[in-house]
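These notes concern the structure reproduced below.
Please treat every number below as a calculation from the coordinates, not as lab data. Model, not experiment: these values are computed from the prediction. All Cβ positions, glycine included, derive from the backbone under ideal geometry; neighbour counts span all protein chains shown.
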Amino acid sequence: MVNMTTIHHLIAARADLSPAHPAVEGTTTRLTYRELVDQAREIAARLRAAGANRESIVGLSAPRSPEALAGLLGILFADCAYVYLDPTYPRERRAFMAWDCQLKLALVDSPAGWELPAVTALPLSGHADMVEPFDRVDHDAQLCYVCYTSGSTGEPKGVLVEHRSVAAMAHGLAVRYGIHPGSRALQYASWNYDAAIGDIFTTLAAGATLCLAPDQVRSSGVALANYLRQAHITFAALTPSVLSTMPEHDLPELVSVAAVGEPCTPEVVQRWGGNRRFFNGYGPTETTVAATVADLNPGDDVHLGTPVPGAKVRVVDLGTGHEVASGVNGELQVGGVGVARGYLNRPELTAENFLLEDDQRWYRTGDIVRREPSGIISYVGRLDNQVQVRGHRVELEEIEARLRQHEGVNQCAVTLNNGVLVAHVVPARPDVNAAALLNFLREWLPIHMVPDRVALLEALPLGGWGKVDRGALRQDAHAS
C-alpha cells in the first residue's frame, strides 16, 4: 500500500485537489499544481527509461526555476533520491559530491556544457513515450535527498534524509508558520542549503504558491524588499543578516517572517516583529531543517522556542550524558521523526554524532543550550568551531584543511569576526601573498566559504593548553 507521507504524494494530492492553483512562480514562467506534477511524472518516466533504480541518487544541476523544481520532483517520482549539484560551485566540489553519491544520472539544464563525463546528463525538457500514473515509493523510510554540509576533515559530508522526515517537517512548519493554500511564500535560499528544502516542501505540501526570488534581487536588501511587495509575498524565511539589510516598511501583505540559518538578534526582532508574526527557527541539517521554533515579539528575550511537531529535544551533561535540570547548560540533542539516517559513506562519523537508544535516533547538535523553567530552549554557544556564514553552516576546519594543502602555507587558522571570515596564515616562504591563497581556495570551495581576507602572520598565538588562541586572533583581526 502506498504511504501518503512521502512528500511527493502530498504534493500530488494538492494537484488533484486544486489543479489550477499556482504552485511555483519564477522570473518568466509559472506552473500550476497540475502542470508541475505532470512535468515531474514525465521526467520520472525518462529517468526510469535511462536506468534509474529504487533509492538510487540522481543529481540535479540547474539554476533555480519552475522547470528545475519539476526536475527535483521528477527524481522523487522516479523512486529515487536527489542531490543538488549547484552550477555555481567549483567543478572539483561537484565532482566530489558526484563520486561520493556514485551518481550515474543527473538532470541538467544544458547537457552540452556538462563537465562530469562519468555521469550521464539528461535535459530537464524532453518527451517520455509512456508516463505511469503513479510512482512506486511505498514506504516513508525511503531516502528522499542528500544534502551536503561543511566537514571538519576537509571534505563535505552528505546528510541522508528520508521521506518521513521531510513530510513531518513540511507539516510541522506549515502549522507553526501558518502557511495555507492562500499563502505566497518566498524562496530565497540556494537549493544546496537546507533552508531551501524547508521553503519548497513546506509551501507545496500546504498547497500554497512558491515564489522564486530572481537572482538579481538577492544581493540587495532594497531590491529584495521591492520584490516581496511586487510579488505579494505573505511569508518569508530569511537569515537575520539579510533581514538587517532590508527596509521593513511598506510591506502590508507580509504577515509573517522567520529568521533562520544563524543566531537571531533582538534588533532584528524589534525591526520585523512589530506589525507581523515573527519566528526564530532553529534546526541543523541533520534534523531536517527545523527542530524548534520560537514565536517572538519586540522586547522578548531571543530564544529557540519549543520543538516542532514530531521533534523531541533534551539537554544533556557533556560528561555523563544524562539530562540536566532546567536552568543548567548542556548539549542540545534532537530526536524524533526528523532525525536524518546519518552521513553517506561515513559510518564512524555517523556513530559519533547519531545515537540509537530504544530504536530512537538522537542527533548530537554540538550546541550548548539551557532549558528554562518555562520549557523554552535558550541558545548559549557552540562546542566546536562551526559557524554560520551568510546563512550557511561552515566548519572552519574545512577551510583550514584546504589552506594546508597549499604548498606556501605553514600554519593557518580561520575565524569569524563580526560577520567577516578571516584566514590567519603563517606562510612557508616569503613570496606567498593573500591574493594567491584566495584564488587557490576559490578553486575548491563555494563562494560563501572563501574568506573575506587573509592576514599573514609570523606566528599563530597559542593559549595555555598549547592550542591556537582563536580569541586573540579575533581581537587582532577586529583591531586591524
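Using modelled amide H (1.01 Å from N, peptide plane; none on Pro or chain starts), what sits under 5 Å from the amide H of Gln142, excluding residues fewer than 5 places away?
Amide H neighbours of Gln142, under 5 Å, 5+ apart: His163, Arg164.
Give the order of Ser165, Ser56, Ser219 when sorted by the count of other beta carbons within 10 angstrom, beginning with the fewest.
Ser219, Ser56, Ser165
Roughly what % antiparallel, to the nearest 5, for the DSSP beta bridges in region 182-315?
Taking every DSSP beta bridge within region 182-315, about 35 percent pair in antiparallel fashion.
For region 231-241, take each phi angle, set θ = phi - 60°, evaluate the Karplus expression 6.51 cos²θ - 1.76 cosθ + 1.60, and give the result in whole Hz per residue in order, putting x for glycine and proline.
8, 6, 5, 9, 9, 9, 10, 9, 6, x, 4
With a cut-off of 18 Å, note down the residues of region 353-373 whose backbone N falls inside the zone around a label point 7 Å from the Cα of Arg314 toward its beta carbon.
Under cut-off, by backbone N: 353-372.
Can you list residues whose amide H is under 5 Å from Tyr82's amide H, if they're 5+ apart or on another chain and H is modeled 1.01 Å from N?
Those lying under 5 Å, H to H, from Tyr82 are Val58, Tyr145, Val146.
Which whole-Hz ³J(HN,Hα) couplings does region 300-315 yield from phi under the Karplus relation 6.51 cos²θ - 1.76 cosθ + 1.60, θ = phi - 60°, glycine and proline marked x?
My calculation for region 300-315 gives 6, 5, 6, 9, 8, x, 10, x, 6, x, x, 9, 10, 9, 8, 10 Hz in order.
Taking 8 Å as the Cα distance limit and 6 or more residues as the minimum spacing, I'd like the relative contact order of region 7-280 as a percentage.
Result for region 7-280 is 16 percent.
Using the alpha-carbon centroid of each, what span in Å lies between region 430-463 and region 205-266?
33 Å
Kyte-Doolittle mean at least -1.0 and Cα extent at least 20 Å along the axis: which DSSP H helices of the chain qualify?
Span-like helices in the chain: 33-49, 163-177.
Sort out for me the Cα centre separation of region 159-186 from region 361-411, rounded to whole Å.
Region 159-186 and region 361-411 have Cα centres spaced 25 Å from each other.
For the pair His180/Gln230, report the inter-label distance in nm, with labels modelled 7 Å from Cα in the Cβ direction.
2.9 nm
Can you tell me how much longer the chain between Asn418 and Ala351 gets when fully stretched, taken as 0.36 nm per residue apart minus their C-alpha distance, in nm with one decimal?
Here the segment from Asn418 to Ala351 would lengthen by 20.7 nm.
Taking amide hydrogens as modeled 1.01 Å from N in the peptide plane, which residues meet the under 5 Å criterion relative to Val313, leaving out close sequence neighbours?
Gly335
Take the Cα radius of gyration of the chain and divide it by 2.2 N^0.38 Å, with N its residue count; two decimals is plenty.
This ratio for the chain stands at 0.97.
Normalised by the residues of region 327-410, what does the relative contact order come to in percent, with Cα pairs under 8 Å and at least six apart?
RCO, region 327-410: 25 percent.
Averaging sequence separations of C-alpha pairs under 8 Å and six or more residues apart, then dividing by the length of region 280-369, give the relative contact order as a whole percent.
24 percent
Extending each Cα 7 Å along its Cβ direction at Gln360 and Asp301, get the distance between those two points in nm, one decimal.
Reported label-point gap for Gln360 and Asp301 is 2.6 nm.
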